[in-house]
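Data first, discussion second: the structure below is written as C-alpha cells.
The values are calculated or read from the model by the stated rules, or taken from the named source; none is laboratory data. A quick note: this is a predicted structure, and the numbers were derived from the prediction, not measured. Reconstructed Cβ throughout: ideal geometry from the backbone, glycine too, with neighbour counts over all protein chains shown.
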Amino acid sequence: MTGEAWTIDAPGQWSLDLTHVPPGSTALVQELMRATFPAGMKRMFADLGAPLESMDLRFVNGHMYTRLRPLVGADRAGGKAPPKAVLKLVTRVHPAFRRRERTARRSLTEEPWRAVVAEWHAGGRAAVERANLELQEVDLAALDDAAVARHARACMDRCLVSWEQHFWLHGYDLGPLGQYLYEGQAWGLGPAELLPLLEGASPSTSEPRRLLSEIRRMVDESGASPTSLDDVRAISPEAAAALDGYLRYRGAQLFSRYDVDGLTLGECPDLILASIDAAAAGDSAARVTERSAAVRQRVPAAQRDRFDDVLRQARDAMDLRDDNGPNTAEWPLGLLRLALLELGRRMVAAGVADAPDQALELTTAELTPALFTGAAPGAAALADRTRRRAEQRTLQPPRTIGPAEAPPPPGVLPPYLDRLTGMIQVVVQQMAMGPEALAAASGLHGAGVGDRAMRGTARVASSPEEALDKLEPGDVLVVVSTTPAYNLVLSIAGGVVTSEGGPLSHAAVLARELGIPAVVGAADAMGIADGAEVEVDPVAGEVRLIPSM
C-alpha cells in the first residue's frame, strides 16, 4: 500500500486513538465502535451535563481517529474563534448550554456516580455476567450450520448492547477520578501525589492474581509439577473446581486486544499455567494508608473531610473502571470470536473458506445462513480482507488530522460547566489522550508507575499475542498499550513498558495494582530490540538500554 490519503471529510482536529482498537481492525469491530462509542459517550455527556455532544470517530486506512464533538456548531467549518465576550454570552443564553448547566449543577451536587457504582456491585455486574454466560453455555457443536450463523449474530447483538453500556459507564468511573484530581489542585496536590493513593483500590484487577495464587498454593502443597492444565485438575477435586471456576468467568475473555483476531485466555493454556506458576498474593493496604495519611496532612484542616470523601469516591470508581472493560467489552467480544471460529470451521467444511479464521473477516450483514449457499464472500474475498488489514498495520499514520481546535478560554463557561470541563480535561490529560499528549511523547521517557527500578529482558512484538507468547516470568513486556484484561496474565511480567498511555491508562492501573514497575507512554518503546536487556526506572520515568557485555 502506497500513497494512502489521510483525510477526514469533517471539520476539526482528529486525534489518532491506539487505546481502543488496534490498527487494521476487523470490519466487525469497526462496526461495533461506530455504533456504540459515539452513542455511549453522547448518552453519558447528556446525563452528567458535560458541555459536549459526543465523541466522534472515524476509521482512516484502518486506523481510528476521535474528536470531541462540541455541543453547538460541531459541523461548522473551522475559522477564527469568536471573541471571548461573545462566547461567554452564548454559553449563558443558548438553550442547549442552559440545559447542560442545570444538569452539571445537579451532577456536581448529587454526585450520581455514587449510585451507579453501588448498583454495579449490587446487581449490575451480575446481570452482565448472566447475559454473557447465557451465550457462553450454548453448545455450539450441537447446532446446525444455520444455527451457528444465528448464534454468531446473537453474540454481535450482545456486543452492541454491552459496548454502549461500557462507554456510558466510563462517565461514572472517570467522573470521580476527575473530581479527585481536579479538587486536589486547589490543595496544591498533583497527580504524582494523588494517583499512588489509588493503589489497591481495584479488587477486580487483583482478583485473578488472588485466585491463581490459591491454585498455586494447592499445587505447592501437592508437591506436583504440572505440565498441563489437566495435571492441575488431577491434583485434587478442589484444584479442579478452582481452575474451572476461574476459567468459567475468564476463559472466554479477550486478553490481548479489543478485536476478534485477538486471543481468548482459554485458547492459551500454557500462558494460564505460567500465570499460576508466577502467581503470588500481595497486600498494599498498609503502604497506601501511610501514604494517604501523609498527603492528607498537606490539605487544609477544614478540607480534610472533603479530601477523605473524594479519595473514597475515586477508589470506589477505580474498581468499576477495571471491572467494566473485562465484563462489558472483552468477554462478549471473546464470545463473538469463539462463535466466528466455529462458524469458520463449518465454512471450511462447506468449501466456502480456506481456514476457520477467515470468518473473522465477515461483516454483521454477512452473519446469515447464506454463508453456506455461495451468496456471501468466498475464500478469496475473505483472504483479501485479511491481507488488506495486515498492510494497514504497517502504515505510519499521522498523529492528528485537521487543523487544531483551541479549547474555550478560561472564564467562558458558566460555573458548573466550567468545573465539569476541568474534571474532564484533567482525566484526558492523565490518560494521555488527545493531540497535546501525543505531541509531548518522546524517546524512552514516559509516566512511571512504582517506586523501584528493575532490569530484565525486553519482549517486544508488533502484536500483543506475539509478545505474550515469548514472555517468561520476570521479563519486561513491551507493547503499544494494554487492555484491562491483561490482569489475567500480567503477573508473570517483571516490568511493563508501553508506547501509548498515561498515568490513568489501563497499563498504569494494572501495574499499580499488581506491584509491577512500569513506564507508560514512552513513544519510542516499540523501537527497543526484542531480547535486549533494559532497565525500567519508574521513579525517573525512563527506560534504559543496558549494553551487552
With Glu466, Glu500 as the choices, which residue is surrounded by fewer than 24 Cβ atoms within 10 Å (Cβ to Cβ), charged (D, E, K, R), at pLDDT below 90 and within 30 Å of Gln392 (Cα to Cα)? Glu466
Identify, from the list Leu211, Leu247, the residue that is free of Cβ contacts under 8 Å to residues at least 60 places away in the same chain, in contact with a Leu (Cβ under 8 Å, 6 or more places away or on another chain) and not small (Gly, Ala, Ser). Leu247
Result of the Cβ filter at 9 Å on region 230-243, keeping first residues that are free of Cβ contacts under 8 Å to residues at least 24 places away in the same chain and partners that are surrounded by fewer than 17 Cβ atoms within 10 Å (Cβ to Cβ) and among the polar types (S, T, N, Q), at least 6 apart or interchain, is Asp231/Ser225; Ile235/Ser222; Ser236/Ser222
Pick from region 505-521, criterion in contact with a helix residue (DSSP H, G or I) (Cβ under 6 Å, 6 or more places away or on another chain) and not aliphatic (A, V, I, L, M), ranking: farthest from Gly450 (Cα to Cα): His506
For region 148-169, does any single residue satisfy the condition of being of a type outside the set (A, V, I, L, M, F, W, C) and at pLDDT below 95? no
Just the residues that are touching a residue at least 60 places away in the same chain (Cβ under 8 Å), more than 27 Å from Ala461 (Cβ to Cβ), outside any loop (DSSP other than H, G, I, E, B) and within 29 Å of the chain's Cα centre (by Cα), please, taken from region 351-400. Thr364
Filter region 126-183 for residues that are in contact with a Gly (Cβ under 6 Å, 6 or more places away or on another chain) and more than 30 Å from Val299 (Cβ to Cβ) and give the result. Glu164, Phe167, Trp168
Please determine, by comparing only the residues of region 345-364 that are out of contact with any Asp or Glu (no Cβ under 8 Å at 6 or more places or on another chain) and closer than 15 Å to Val29 by Cβ, which one is surrounded by the fewest Cβ atoms within 10 Å (Cβ to Cβ). Glu361
If you check Arg257 against the conditions, is it in a loop (DSSP other than H, G, I, E, B), among the charged types (D, E, K, R) and closer than 30 Å to Ile424 by Cβ? yes
Name the residues in region 405-445 that are at pLDDT below 85, small (Gly, Ala, Ser) and either farther than 23 Å from Val93 by Cβ or buried (at least 20 other Cβ atoms within 10 Å of the Cβ) (or both), would you? Ala432, Gly434, Ala437, Ala439, Ala440, Ala441, Ser442
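Residues Pro203, Pro196: which one is over 30 Å from Leu340 (Cα atoms), under 19 Å from the mean Cα position of the chain (by Cα), at pLDDT below 95 and not aromatic (Phe, Trp, Tyr)?
None of the others qualify; the one that does is Pro203.
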Among the residues of region 18-53, which ones are out of contact with any Lys or Arg (no Cβ under 9 Å at 6 or more places or on another chain) and assigned to a loop (DSSP other than H, G, I, E, B)? Leu18, Thr19, His20
